[in-house]
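Right, one structure below, let's go through it.
The values are calculated or read from the model by the stated rules, or taken from the named source; none is laboratory data. All values derive from a computational prediction rather than experimental measurement. FYI the Cβ positions are ideal-geometry reconstructions off the backbone, even for glycines, and counts take in every protein chain you see. In case anyone asks, the SASA skips ligands and DNA or RNA and just uses the protein heavy atoms, side chains included. Shrake-Rupley method; radii C 1.70, N 1.55, O 1.52, S 1.80 Å.
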Amino acid sequence: KALYDFYASSSDPEHKSKAVAALVLMNDLYRALENVRGQSDTYLKLGALHENLQARDKAEMAFEEALKLYRNSGDKKTEADVLGEIGRIYAKSRDKEGVELAVQRLNQAANIYSETKSTEALAATYNKLAEIHSQSPWPLKFSSDEATQWYLKAIEYYEKEADTYRGKGSKSEPLKVARVLRYIASVYRDRLDDKVKALEYLNQSLKLYEDVKNLSGARAVKVEIANLAKQSGAQTKP
């Protein structure tokens, strides 16, 4: 592992192949020890390294090996965790295909989290999916209509995240919902240039902060509302 860490962090391109070799040896040792977690983590590192080296076919093979370990054992929750990690690795890609692979893997993880009632993990996965769509991690090279659909997908995932929190019904959930509503407002404001919708969601967020007497959150949202009102001339709720 120390050798892998050294070679993986090196700026020398020739050291990348040595990092791969170190990971393969690590995996052999973990397999001999019957250490499933160690094998899985190593496959994920191997896949991430191949993706970084733009060897996507090899990355996919490594990721598939990581998933097999939990599919074979029937550990659905950990399989979803691995899918989520693969999705986060692909989300760092700078090309459209890589980001679409991230969306595919994260959706697979979300389906399993929903099935296993892993609420917090499900919400976090929707949050990552929304983040990918709201930030557009590669230069958009399609029409404005297609870009709009991409950003609307961010709102859809944020709505799902908010609904997941609402379904829990615990005392801490209103603050989480308020945060997500602010994210939705930011997509409308910054990506879709829909200031009326942005104000609508900011007002919903403000009400939640005020209901639970979270003064710092309420103050922050009021500033956002005031700034947006100045830009749009739209009326906000008192």
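Label segment 27-84 by shape, choosing from rounded, prolate and oblate, from the square roots a ≥ b ≥ c of the eigenvalues of the Cα gyration tensor; if a/c is under 1.5 it is rounded, and otherwise prolate applies when a/b is larger than b/c, oblate when it is not.
Details: a/c = 2.38, a/b = 1.35, b/c = 1.77.
Verdict is oblate for segment 27-84.
Considering the chain as a Gaussian network with a 10 Å cut-off on Cα pairs, which listed residue, 93, 144, 186, attains the greatest mean-square fluctuation?
Residue with maximal mean-square fluctuation among 93, 144, 186: 144.
Compute the label zone of residue 15 within segment 28-62: residues whose backbone N is under 20 Å from the point 7 Å along Cα-to-Cβ.
45-55
Determine which lysines satisfy two conditions relative to residue 197: a Cα distance under 23 Å, and not lying fewer than 8 residues away in the same chain.
Partners within reach: 128, 153, 160, 176, 207, 222, 230, 237.
Among 25, 129, 67, whose mean-square fluctuation peaks in a Gaussian network model of the chain (Cα, cutoff 10 Å)?
Looking only at 25, 129, 67, the largest GNM fluctuation is found for 25.
Might you tell me the accessible area per residue for the chain, computed with a 1.4 Å probe and given in Å²?
Per-residue accessible area for the chain comes out at 54 Å².
In segment 152-188, which trypsin sites (Lys or Arg not before Pro) fall in coil by DSSP and have 13 or fewer other Cβ atoms within 10 Å?
Of the trypsin sites (Lys or Arg not before Pro), the ones in loops of segment 152-188 whose Cβ has at most 13 other Cβ atoms within 10 Å are 171.
Given axes a ≥ b ≥ c from the Cα gyration tensor, I'd like to know whether segment 12-170 is rounded (a/c under 1.5), prolate (a/b larger than b/c) or oblate. List each step's numbers first, then the result.
On the way: a/c = 3.03, a/b = 1.31, b/c = 2.30.
Oblate shape, in that a/c is at least 1.5 and b/c is the bigger or equal ratio.
Given labels modelled 7 Å from the Cα in the Cβ direction, how far is it in nm from residue 190 to residue 229?
The two pseudo-label positions are separated by 2.3 nm.
Could you state the angle between the C-alpha long axis of helix 14-32 and the longest principal axis of the C-alpha atoms of the chain, as a value from 0 to 90 degrees rounded to the nearest 10?
So the inclination is approximately 80 degrees.
Which of these, 187, 20, 223, has the largest mean-square fluctuation under a Gaussian network model of the chain (Cα springs below 10 Å)?
Answer for the Gaussian network model of the chain: 223.
What net charge is computed for the residues neighbouring residue 92, neighbours being all others with C-beta under 15 Å from the C-beta of residue 92, Lys and Arg scored +1, Asp and Glu -1?
Cβ neighbours under 15 Å give a net charge of +1.
How much length is gained if the chain between residue 1 and residue 111 is pulled fully straight, taking 0.36 nm per residue apart and subtracting their Cα-Cα distance, in nm to one decimal? Working shown, then result.
On the way: separation 110, 0.36 × 110 = 39.60 nm, distance 3.31 nm.
Going from the current span to full extension adds 36.3 nm.
What is the Cα coordinate range of segment 2-105 on the first, second and third principal axes, sorted by size from largest, in whole angstrom?
40, 38, 18
Rounded if a/c is under 1.5, else prolate if a/b is larger than b/c, else oblate: which is segment 83-238, with a ≥ b ≥ c the root eigenvalues of its Cα gyration tensor?
Taking the square roots of the gyration eigenvalues as a ≥ b ≥ c, segment 83-238 is oblate.
Hey, what angle do you get for helix 195-211 against the long axis of the chain, alpha-carbon based, 0 to 90 degrees rounded to 10?
Here the helix axis deviates by roughly 90 degrees.
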